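All of the numbers you see were taken from the coordinates with simple rules; none came from a lab. Small disclaimer: the values here were computed from a predicted structure and weren't measured. Cβ atoms come from the backbone with ideal geometry, glycine included; neighbour counts cover every protein chain shown.
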Amino acid sequence: MKTIIGLLTTCLTVLTMMDPAQAAGNLKIDYTLSFPQAQTHYVEVEMNISGITQPTIDLKLPVWTPGSYMVREYAKHLESFSAENAGKSLIFKKTDKSTWRVSLAGAKSLKVKYSLYCFEMSVRNNYVTSAQGFIVGASTFLYPAGAIANASTVHIKPYKGWDKVSTSLDKVGDDQFTVVAPNYDILYDSPIEVGNQDVFGFKSGNTEYEIAMCLGGNYDRERMKKDLKILVEKETAIFGENPNKRYVFLVHNYSKSGGGIEHLSSTVLQVVRNQYGSEGGYQRFLALAAHEHFHLWNVKRLRPIALGPFNYDVENYTTNLWIAEGFTAYYDNLVVHRMGLYSDDNYLKMITSDMNLIDNTPGSRVQPLAEASFDAWIKYYRPTENSVNAGISYYSKGSIVAMMFDLEIIKGSKGKYSLDDAMKHLYNEYYKVKKRGYTDAEFKAGVEKFAGTKVDDIYNKYITGLDAMDYNKYLAYAGLKAVDSLAETNVPTLGITMSPPGTKPMIATVLRGSAAWNDGLNVNDEITAVDGQPFTTLRAITTNRKVGDKVTLSVLRDGLPYSIPVTLLRNNQVRYDIVSVPNPTAEQVAVKTKWLKQ
Ligand SMILES: [Zn+2]
């Protein structure tokens, strides 16, 4: 920008014509979050902005939060917006669903207040009760248009009795109730927990880890510290460095689980409060922690080119969530296996559950993996009764693609490399050296560099194509094969699922290509009778009947009775076991050892 010399009016004219991003660079922004009535699920937000040079300022709330690919319309929870300067109200108007335009009337600073209703118990929404204040940046902090690069300060006034703040944002001095964010990308990527959580931690290399356990649970602090330390070190070894000085595991212990969400220097995990008591429950917690922590590299730093810098106003489309999520899903169980907590057999069973899901989902023959990623915003995150027929999980199929790449690299490099080496290389190349996201072609080249061979076949068949997955081609490299234990069966089925027990017997899904699909049973049909006998259970319909038998179902559809003859078809569902081939070669044994023992 040229230096401006001239009359004040000239300066003002120039300033009002400035690029909003340049004008925004001068803004000083701070927020105060207070919880005077946490029991009503509200957080009160006060935003003070000074250094304003424009006649109007647009304040915007993101419509989504990174890590959760759905437009959530966070502004729907915002109420009682007001703006003032020196005690005088300023005029404002909404210009779209998430933007408030305030007229400054010559003022250089501004105080904005608003209330947010926070009562969705999930990792991607605010949740405020008398027991905790969980704040998701993107759903809380209005940002001045063009000011995403600006720093801000957040002051926290807790509800009565709350004494702790857990967040990866830096504190100001020793004051835990004042934190700072160098820019909005970091503010929106750093959830804040205020309450009475149980806080403990450990150190790994140069990184301080904090674990904040909210709302109780039957966990063993010492065991959790020990195991999470091993876990983060196994993952750090894959990428060769831990880029965080501090990392926070925020754990919400509720009566029901709700998954997790990754952030740059923290994660939020929603776990069943008493699942730590069983080995299986504790391992599921570790696998969830392994998944979200792995994301600190894979997607938060090593990322598809479309995922950052973010546009918080609209969907950010990428065809690469099968890498961001599927590869992370592959590594979550693999890392827990590397910790020595799963036997080889248990680990291979986990892989078969993804294979079963893919082959038993008719949508896997309809929606290519890359498209499943692109349409996550409208499909994966907005499931319907027909999702099973129309789409495929980029977690499950992406995880199997990762396994195929891993085995291809181990075999191609004669055991010198694994997928770990490709991930480390890609992290160095794109996050550290080029400081940008990767393209499709660049990621593929990164894998091929270590496999020593082209992987077009996998891309063409399983990523952009719809071929049935040839698991055994890749498992054979390790002397293994998948066997469908149902292959020899000839069991009849309708091809439907029912509403949960204890509710009216309604059809919940109709599988594409099934007897029910062909003969016209509908989702929401209430089954009343089968061949004139009262309906009891779904299983009873096929017991003592054969493939090809005809059965007449009486249903109530939207209150009207229908009689629907159905010809039972073979149940084509698969159930894989992974077993060793007889007499594996030395090369196969070496691949298996590299894969499962490193
Ligand atoms: Zn994930």
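So here's what we get for this one:
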quantity: FRET E, pair Arg436, Lys164, Förster distance 30 Å, beta-carbon r, rounded to 0.05; calculated: 0.20
quantity: Within the chain, helix-based [θ] at 222 nm, where runs of 4 or more DSSP H residues each add -39,500 (n - 2.57), nearest 500; calculated: -7500 deg cm²/dmol
quantity: Modelled FRET efficiency - R0 56 Å, Val547 with Asp220, Cβ distances, 0.05 increments; calculated: 0.60
quantity: Of Lys461/Lys481; Lys226/Lys424; Lys300/Lys449; Lys157/Lys424; Lys76/Lys160, pairs whose Cα-Cα distance is over 31 Å; calculated: Lys157/Lys424
quantity: Modelled FRET efficiency - R0 25 Å, Arg557 with Thr537, Cβ distances, 0.05 increments; calculated: 0.80
quantity: The chain: relative contact order as a whole-number percent, Cα under 8 Å and 6+ apart; calculated: 10 percent
quantity: Cα long-axis angle, helix 344-359 against the chain (0 to 90 degrees, to the nearest 10); calculated: 90 degrees
quantity: Local electrostatic count at Phe202 - Lys and Arg +1, Asp and Glu -1, tallied over other residues with Cβ under 13 Å; calculated: +2
quantity: Simple Cβ-charge dipole of region 551-598, Lys/Arg +1 and Asp/Glu -1, about Cα centre, in debye nearest 20; calculated: 180 debye
quantity: Stokes-Einstein translational diffusion, region 259-308 - Kirkwood Rh over all Cα pairs, 1.567 mPa s, 4 °C, in µm²/s; calculated: 111 µm²/s
quantity: Range of Cα positions in region 366-443 per principal axis (Å), largest first; calculated: 46, 31, 16
quantity: Pairwise label distance in nanometres, Asn386 with Asn428, each label 7 Å out on the Cα-Cβ vector; calculated: 4.9 nm
quantity: Global form of region 225-375, assessed from the alpha-carbon gyration tensor, a/c cut-off 1.5; calculated: oblate
quantity: Distance (nanometres) between label positions extended 7 Å along Cα→Cβ at Ser82 and Lys229; calculated: 5.2 nm
quantity: Coarse-grained scattering of region 62-217 at q = 0.09, 0.11 Å⁻¹, given as base-10 log I(q)/I(0) from a Debye sum over alpha-carbon atoms; calculated: -0.34, -0.50
quantity: Segment Gln573-Val366, length gained on full extension (0.36 nm per residue, minus Cα span); calculated: 72.8 nm
quantity: Relative contact order, percent, region 509-562 [alpha-carbon distance under 8 Å, six or more residues apart]; calculated: 36 percent
quantity: The chain: angle of helix 279-294 to the longest principal axis, Cα-based, in degrees nearest 10; calculated: 50 degrees
quantity: Around Asn522: net Lys/Arg minus Asp/Glu count, Cβ-Cβ under 13 Å; calculated: -4
quantity: Listed pairs Lys203/Lys597; Lys434/Lys454; Lys379/Lys550 exceeding 29 Å between Cα atoms; calculated: Lys379/Lys550
quantity: Region 332-406: C-alpha pair distances exceeding 15 Å, %; calculated: 58 percent
quantity: Most positive-pole-ward Cα, Ile192, Leu228, Ile463, against dipole of the chain from beta carbon charges; calculated: Ile192
quantity: Neighbourhood net charge (13 Å Cβ-Cβ; Lys/Arg +1, Asp/Glu -1) for Glu193; calculated: -2
quantity: Inter-probe distance in nm under a simple model that places probes 7 Å from Cα toward Cβ, at Ser130 and Val581; calculated: 6.6 nm
quantity: Helix axis angle, 221-239 relative to the chain longest principal axis, alpha carbon, degrees; calculated: 90 degrees
quantity: Computed Kirkwood radius, in angstrom, where 1/r is averaged over Cα pairs of region 485-582; calculated: 14.3 Å
quantity: Given charges at beta-carbon only (K, R positive; D, E negative), |dipole| of the chain in Debye; calculated: 560 debye
quantity: Rg/Rg_ref, the chain, where Rg_ref = 2.2 N^0.38 Å and atoms are Cα; calculated: 1.10
quantity: Exposure proxy ranking, count of Cβ atoms within 10 Å, fewest first, for Phe81, Phe327, Phe374; calculated: Phe81, Phe374, Phe327
